[in-house]
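Worksheet: one structure, shown below.
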Amino acid sequence: MIEFQVEGMSCQHCVGAVTKAIAALDAAALVEVNLDDGRVRVQSQKSAEQIGSAIADAGYEVKGSRTIVDA
């Protein structure tokens, strides 16, 4: 799972836009968006760079990412 710090998300429309952008890249991706923290968690076969680009193309600023290993 990859967690992205994303700026510019403020409403459910933003959640939908980010989710749709990632789904267009990888229809099987699992996406969790936390508006309060500005975090987007994605489980996907695509790279962090590809997912980050999809989020940026949707109009949001990706400030960073990190890989999360579930215990």
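A few remarks follow.
- Among the residues of the range 10-35, those identified as over 18 Å from Arg66 (Cβ atoms) and either in contact with a helix residue (DSSP H, G or I) (Cβ under 8 Å, 6 or more places away or on another chain) or part of a loop (DSSP other than H, G, I, E, B) (or both) are Ser10, Cys11, Ala21, Ala24, Leu25, Asp26, Ala27, Ala28, Leu35.
- Among the conditions (1) at pLDDT 95 or above; (2) loosely packed, with under 12 Cβ neighbours inside 10 Å, the only one that Ala71 does not satisfy is (1).
- Restricting the range 36-54 to residues that are more than 11 Å from Ile2 (Cβ to Cβ) and touching a helix residue (DSSP H, G or I) at 6+ places or on another chain (Cβ under 9 Å), the residue that is surrounded by the most Cβ atoms within 10 Å (Cβ to Cβ) is Ala54.
- Selection from the range 2-31 of residues that are within 17 Å of Lys63 (Cα to Cα) and touching a Lys or Arg at 6+ places or on another chain (Cβ under 8 Å): Ile2, Glu3, Phe4, Gln5, Val6, Glu7
- Residue satisfying condition, being out of contact with any Leu (no Cβ under 6 Å at 6 or more places or on another chain) and surrounded by fewer than 17 Cβ atoms within 10 Å (Cβ to Cβ), within set Ala23, Ala58: Ala23
- From the list Val42, Val31, Val62, the one residue that fits, being in contact with a strand residue (DSSP E or B) (Cβ under 9 Å, 6 or more places away or on another chain) and without any contact (Cβ under 8 Å) to a residue 40 or more places away in the chain, is Val31.
- Test for Lys46: is it at pLDDT 95 or above, of a type in the set (Lys, Arg) and part of a strand (DSSP E or B): no
The values are calculated or read from the model by the stated rules, or taken from the named source; none is laboratory data. Remember, it's a predicted structure, so these values are computed and weren't measured experimentally. Virtual Cβ from ideal backbone geometry, glycine too; neighbours counted across all protein chains shown.
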